[in-house]
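To start, the structure itself, in C-alpha cells.
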Amino acid sequence: MLKKLHTYLIKKIDDKFYPGFEKNWDDELYRRKILDSTEGSRNINVLDIGAGAGIIEAMNFRDVFDHVSGLDPDERVIDNKFLHSGFIGLGDNMNMFQDNQFDMVFCDNVFEHISHPEALFKEVSRVLKPEGLFLAKTPNKYHYMPLIAANTPTWFHKFYNKLRGREVEDTFPTEYLLNSKEQIQKIAELTNFKLCSIDYHDGRQEYLRIFFPLYILGLIYGGIVERFNLKRLKILLIVKLINKKGRS
C-alpha cells in the first residue's frame, strides 16, 4: 500500500512539474548537442571515451557516423553493439589510436572519473584532427549531488544507485577534477584546446526520485535555481572544445 502511494505521489510530481522529462533526459539532450555540432555532416570518424557496455541508447551513433570507436576500461566495451570497434583502455593513454585519427571525440559522464585531466586532454588532442571537436557531458561540481558524492565513499554510491535501479558494476569511483568551468578552462589552456562553450542545464531531480520527501526538497531546490537563474547550481554541464593543434 505504501509503495503504491509513493509511486502515485512521485508520478503526480513528474506529471505536474516535469512533463516531457523521461529517464535519461540528459543523454537525449547531449545527443542533440553532438548531432548539432556536426552541422549535418555524418561522414566522420568519431571516438566515444567511456563507451562502456552500450547501456544508454541515446549514445548509439553506429548508424549515424561513418565509424564509431569506443574506449573503456570495462571489458564489456568489446561487445558494445553501439560501436564499430571497441577497445579496452583509459583516455590518458590511447596508444591504440593514431595521431589525427578522429574528427570528433565525445564522452558521456566521464569527466567526473578522470584522475589525470591534463594527460587526458593531451591524448585527446593527439588523436583528434586539427580543429576537431571534443564534447563532454558531466555533472556540475557545485550541484548538491556531486558535492555529496565527493564526500562519500564509492560503496555508498553503489548502494544508493542500486536503490535507483542501477547495476553495481556500472558505478565507478569519482574524482571531480573536471567538473567546473574553472577546472576545464585551466586544463584547456595547458593543452591544445580552446573552450568554445559550457552550457548549464537542469531538469528532473533524478537522484531524489526514490524517496518522495527528498523529491519534494529537490523540487524546491530546482524551483529556486530556475527562479533566480542560478546556473552555477544546475546539475549538468555540456562542454564544447576545439583542438587548436597546428595553429600558428
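Annotation: of all residues in the stretch 63-79 being farther than 11 Å from residue 49 by Cα and hydrophobic (A, V, I, L, M, F, W, C), the one that is least open to solvent (accessible area, probe 1.4 Å) is 65. Among the residues that make up the stretch 218-234, is at least one of them under 16 Å from the mean Cα position of the chain (by Cα) and either within 29 Å of residue 38 (Cα to Cα) or not in a loop (DSSP other than H, G, I, E, B) (or both)? Looking for residues that are under 16 Å from the mean Cα position of the chain (by Cα) and either within 29 Å of residue 38 (Cα to Cα) or not in a loop (DSSP other than H, G, I, E, B) (or both), one finds at least one in the stretch 218-234, hence yes. Looking only at the stretch 26-50, which residues are among the aliphatic types (A, V, I, L, M), in contact with a Phe, Trp or Tyr (Cβ under 7 Å, 6 or more places away or on another chain) and buried (at least 20 other Cβ atoms within 10 Å of the Cβ)? Matches in the stretch 26-50: 34, 46, 47. Annotation note: of 78, 49, the sole residue that is within 19 Å of the chain's Cα centre (by Cα) and among the β-branched types (Val, Ile, Thr) is 49.
Filtered by the rule that a residue be assigned to a strand (DSSP E or B) and either among the charged types (D, E, K, R) or open to solvent by less than 40 Å² (accessible area, probe 1.4 Å) (or both), the stretch 92-131 gives 102, 103, 104, 105, 106, 107, 108, 128, 129, 131. Contact map, the stretch 51-73: residues that are under 20 Å from residue 127 (Cα atoms) and part of a strand (DSSP E or B) paired with residues that are of a type in the set (Lys, Arg) and open to solvent by 10 Å² or more (accessible area, probe 1.4 Å), Cβ distance under 9 Å, separation 6+ or inter-chain. Pairs shown: 68/62.
The values are calculated or read from the model by the stated rules, or taken from the named source; none is laboratory data. Worth saying up front: this structure is predicted, and the values here are computed from it rather than measured. Virtual Cβ from ideal backbone geometry, glycine too; neighbours counted across all protein chains shown. Surface areas here come from the heavy atoms of the whole protein model, side chains and all, with no ligands, DNA or RNA. Shrake-Rupley method; radii C 1.70, N 1.55, O 1.52, S 1.80 Å.
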